[in-house]
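*Asks:* Submitted below is the structure of interest, expressed as structure tokens.
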Amino acid sequence: MRVVIAEDSVLLREGLARLLDDGGIETVAAVGDGPSLVAAVAAHDPDLAIVDVRMPPTHRDEGLRAALEARTLRPGLPVLVLSQYVEERYAADLAGGGAAPFGYLLKERVADVTDFLDAVRRVAAGATVLDPEVIDRLLDRAGGPLGSLSGREHAVLALMAQGRSNSAIAVRLAVTEGAVEKHISSIFAKLGLGHAPDDHRRVLAVLAYLGL
């Protein structure tokens with residue numbers, strides 16, 4: 001796997017590259033601003049971009065805008081956002097209707113190396129991975145069909161949003177896979193996600209968190 005890192009903190013940037021290298025993942029470029037991210041994606045055609053939201057010069061949303069621009073050069077580019085804060089609108093913009101894999105983690109999660117590397121690999125492989133705190137924030141504002149989900153269905157959907165398989169959800173919740181399948185079927189029904197050959201209902205259910 002080949003990764004581009006965009007992070008303005010030199011220490012964090014180099015630390016991420018070291019973690020990835022220890023995990024057998026190659027960092028082909030590590031940059032500190034948005035334009036350099038776009039240039040690195042154009043030059044290296046990476047499998048994944050790891051991007052900070054707030055970057056120079058204004059430290060607002062330069063990282064996000066650069067990631068979206070990079071996707072015009074490399075459609076479908078998987079992007080993993082690392083942020084110090086939970087910023088829901090950035091997650092929604094990055095989701096882009098489910099057109100490309102994405103993840104949103106808080107920077108503090110990097111301290112758990114195993115989980116971080118697992119998230120990197122899953123996003124690069126096509127999964128959607130959201131930080132548990134991001135999921136909690138989105139659940140707090142849930143209304144409409146989301147508000148009709150039971151507590152257990154919320155838990156199942158939250159784990160789906162983390163990119164977990166049915167078997168992993170079953171282990172985490174200490175239930176059978178059959179029970180998980182029933183909860184997921186109920187979630188699909190309550191969210192109005194019927195069978196359609198061109199729709200990925202699992203992804204659509206997760207995107208319902210983001211109001212897309």
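*Asks:* State, to one decimal in nm, how far the label point of Ser150 lies from the label point of Glu177, with both points 7 Å from Cα in the Cβ direction.
*Replies:* 2.2 nm
*Asks:* In whole Hz, what ³J(HN,Hα) sequence does the range 189-194 give by Karplus (6.51, -1.76, 1.60; θ = phi - 60°), x for Gly and Pro?
*Replies:* Once θ is set to phi - 60°, the couplings for the range 189-194 become 5, 5, 8, x, 9, x Hz.
*Asks:* So, one more: Going by amide H atoms built from the backbone, whose H comes under 5 Å of the H on Ala30, apart from near neighbours?
*Replies:* Result for Ala30 returns Ile5.
*Asks:* Okay, moving on. Using only alpha carbon positions, build the gyration tensor of the range 1-130, then give the equivalent ellipsoid semi-axes as the square roots of 5 times its eigenvalues, largest first, whole angstrom.
*Replies:* The answer is 18, 16, 16 Å, longest axis first.
*Asks:* Would you give the gap between the C-alpha center of the range 1-41 and the C-alpha center of the range 149-200, rounded to a whole Å?
*Replies:* That distance is 34 Å.
*Asks:* Please state, rounded to one decimal and in Å, the Kirkwood hydrodynamic radius that the range 1-57 gives when every pair of distinct Cα atoms enters the mean of 1/r.
*Replies:* Its Kirkwood hydrodynamic radius stands at 11.1 Å.
*Asks:* For the pair His200 and Glu26, what calculated FRET efficiency results from E = 1/(1 + (r/R0)^6), where r is the Cβ-Cβ distance and R0 = 22 Å, to the nearest 0.05?
*Replies:* Computed FRET efficiency for Glu26 and His200 comes out at 0.15.
*Asks:* Between Arg109 and Ala168, what is 0.36 nm times their sequence separation minus the Cα-Cα distance? Round to one decimal in nm.
*Replies:* 19.3 nm
Coordinate-derived values only; no laboratory data. Here the structure is a predicted model, which is why all the values come from computation and not from measurement. All Cβ positions, glycine included, derive from the backbone under ideal geometry; neighbour counts span all protein chains shown.
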